[in-house]
Structure formats: structure tokens, C-alpha cells
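The values are calculated or read from the model by the stated rules, or taken from the named source; none is laboratory data. Just so it is clear, the structure is predicted and the values come from calculations on it, not from any experiment. For neighbour counting, all protein chains shown are included, and Cβ atoms are generated from backbone atoms with ideal geometry for every residue, glycine included.
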């Protein structure tokens, strides 16, 4: 009986989604399976190339800055050029830049190429999310975003383990493997994914006007959501920024941190799909309020951790928040976005996470150095509470989402369908 129930649950989770979604999902999984640079860049620069930790931090910051720059640019490209061309340009550029990074030796050149990798790799995210919103029915979007997030974490978990073994043999091999798998993603997009951008009639353009970045910035409630997303992202970033530093200062080894943080990936892989089946038709406002509180107080409880087991328990709390927040937040972004401005709106949302990745290391470093790790966890609890209150106020009256008409076949779409 349990096996029958499990098969039924899996069938209900994956059924009803269009074929194009699964090709996009496959592209995401392949891309994450090949992830190497983000995981082992610091070790490559310090252990293999012999550079200082400060230089490694500078390169990581430049990589993150590239992501900030391309968040908005990628969204604009997705709306103007189309989702498919943006993905092809971004993934092709990423493959070339990552391969080049494995061969450059001059420190200035390494820093410059790392910035280019950040620009290219992050440019595809708004296009992926916009395409997913285009091809999936509104009632299935939370489930689709959850499946995509599950693929991201499954791929990252596998690649993290594999990258360790690859690094022992050759760091350059890791860069080339990532470049090759990113190129495979571009090939999948070219052969299997038609363009999904909805075409806009001249009458609609005249009536509603063009959607620009200024339109997004003037959308007060949406920018409020972006700001709240930034606060939540600041909290989640502490899992890879503040937590290892705090555990190290408390006398725990890197292996202890590895065991505690491994719970995060394991729980996401195991629980993301079943939890999504429970939450997919529930009120987004309540889910975001609860997940913000779980995130803030999950990290807040870290102040009382004195063993690896207790650290792991706190990771369980904020991981549950992550599982609920990720698909709900992405679905909300689509719900608040005009159909013909999804790329720009997704780009602004992506920017909130890229900016948090830049600010979080500075925040944790300053707080830990001046006040101690307990204050950092207290700040996380306060920030989580503020985010929960913000979602409660902003989301009191959500707009009713109307399904968009299917995009008419364009030349690119026709080519994609024939290739499929």
C-alpha cells in the first residue's frame, strides 16, 4: 500500500505539465549537475593557484557583482529578444567564459573573467522563470517552480560531491566539465524549446503602453515584495556565510559544518515535492508570513546551539522555510507581473537575491566581529519578523490572475517545434 500511495503521489506531482516544461527542467538539472566554479572557486584560487584569501574574496565579490549587473539586463533581453534567444546567448557565453577561466593565470585576468562568468550565468535566470510562467498554467505554477527548485538542489548536491573528487585530479578539468555541460544546456534549448514570449497586439501596446524597467520601479507593491525578498534572502545567505564563520569561532571543524549544512540539501531533495503537494493551493500570503518567521527564528535558534546535532536541528527549521518560500515567492512574482513584462519583473526579483549575496557577507562579518555571533542570529530573527509583517500588510488583497493566451507561433517557435 505505501508503494501504491507513493506512485500516486509522484504521478500527481508530475502529471499535467507541458513537454516544454520538462525540457526546460532537464536543462536546469544538467546545468546544476555541472556546477563547479561557484563551489570550489575559493579553494582553486588559494590552494591550487596560491593566492591569498583576500584575493579569493575579491574574485567572489566580482562574480556576485556580475550577477547583479545581469539580473536586470537578462530580464530586459527576455522581454525584447525573447526567452529562447536570451537563454542561448547566456548559456553559450557562460560555457565560453567558464572554459576560459580554467586557462587564465594573471590575477587581473582571473578577476575579469570571473566577473564575466557572473554576468553570463545569471543572465539566464529571468528568462527561465519567465518561460516557465509562459508555458505552465497558472494553477500549476507553484508545482512547476517547486519541481525546478528541486532539480536545482538535486543537481547542486550531486555536483558538490563530484566536484570534490574532480578537484583532487584537476581543477581545470572541473572548469571544462562545467563548460561542456552548460553547452549541452544550450543545445537542449536550441533543439527542444520553442519561443514562448506572448505576442502583443498593436492595440494592446497603445492601450497599456510599453513595460520598461521604470514601470517595474514605479510598481509600489511589487517593489515592496522585491524588498521583502531581499530581507529573506539576507537570512538564507547566512547558511553559507555566517554559519561557517560562527561555527569555526566556536571551535567546530569544517567537517562539522559540512555535516550540519548537508541537512539542508538532503531535506530539500526529500521534502520539496511532498511539501509542495500540501501548499500549492494554499494562500500565498500566509505561506510567506510563516516561512519568513521560520527562516528568521530558525537562524535565531542557532544562538543556543552547542553541538553539531543542535546546529543540524536549526538547519532543519530554516530549510523548511526555504522549501515553502522558494516556489511560493516565485509564483507570487509571476502573479504580480504583467504578461508582457515578465522578463523585466523576474529580473528585478533576481536582483534582490544577487544583491543579498553581496550584502550578506559584509553584514555577517561586521556583526560577528563587533558584537559576536549571537547578535547575528538575533538580527536574523528581527529581519524575519519584519519580512513576515511586510508580507502580511502588502499581500492583503492579491490581484486575481487571468490565464494568458497562448503565444502565436513565430518563426523561432515553428523551428523549435519542428526540431522537437
Flagged in region 31-71 as more than 16 Å from residue 117 (Cα to Cα) and under 15 Å from the mean Cα position of the chain (by Cα), in numbering order, are 33
Determine whether residue 269 is within 19 Å of residue 341 (Cα to Cα) and within 18 Å of the chain's Cα centre (by Cα).
no
Note on region 311-321: residues crowded, with 23+ Cβ neighbours inside 10 Å and closer than 24 Å to residue 227 by Cβ are 318, 319, 321
Scanning region 236-252 for residues that are within 15 Å of residue 358 (Cβ to Cβ) and outside any loop (DSSP other than H, G, I, E, B), the one farthest from the chain's Cα centre (by Cα) turns out to be 242
Scanning region 74-104 residue by residue, the ones that are free of Cβ contacts under 8 Å to residues at least 24 places away in the same chain and not in a helix (DSSP H, G or I) total 2
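Yes/no per residue for (1) at pLDDT below 95; (2) farther than 16 Å from residue 238 by Cβ:
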position: 359; (1), (2): yes, no
position: 369; (1), (2): yes, no
position: 376; (1), (2): yes, no
position: 384; (1), (2): no, no
position: 389; (1), (2): no, yes
position: 399; (1), (2): yes, yes
Subset of region 39-61, residues buried (at least 20 other Cβ atoms within 10 Å of the Cβ) and at pLDDT 80 or above, comes to 44, 45, 59
When restricted to 163, 186, the only residue buried (at least 20 other Cβ atoms within 10 Å of the Cβ), modelled with pLDDT under 90, within 29 Å of residue 97 (Cα to Cα) and touching a helix residue (DSSP H, G or I) at 6+ places or on another chain (Cβ under 6 Å) is 163
Of (1) surrounded by 21 or more Cβ atoms within 10 Å (Cβ to Cβ); (2) in contact (Cβ under 8 Å) with a residue 60 or more places away in the chain, residue 230 satisfies every one except (1)
ask   = Looking at region 201-210, is at least one residue in contact (Cβ under 8 Å) with a residue 24 or more places away in the chain, closer than 29 Å to residue 151 by Cβ and in a helix (DSSP H, G or I)?
value = no
Exercise. Before we move on, is residue 67 in contact (Cβ under 8 Å) with a residue 40 or more places away in the chain, touching a helix residue (DSSP H, G or I) at 6+ places or on another chain (Cβ under 9 Å), crowded, with 22+ Cβ neighbours inside 10 Å and over 24 Å from residue 268 (Cβ atoms)?
Worked result: no
When you scan region 21-38, do you find a residue that is in a helix (DSSP H, G or I), farther than 21 Å from residue 192 by Cβ and at pLDDT below 90, even just one? yes
When residue 268 is run through (1) surrounded by fewer than 19 Cβ atoms within 10 Å (Cβ to Cβ); (2) under 19 Å from residue 229 (Cβ atoms), the failure sits at (1)
query: Do we have any residue at all in region 330-353 that's in a helix (DSSP H, G or I), within 16 Å of the chain's Cα centre (by Cα) and over 26 Å from residue 217 (Cβ atoms)?
result: no
Scanning region 79-90 for residues that are more than 14 Å from residue 193 (Cα to Cα) and surrounded by 19 or more Cβ atoms within 10 Å (Cβ to Cβ), the one modelled with the highest pLDDT turns out to be 90
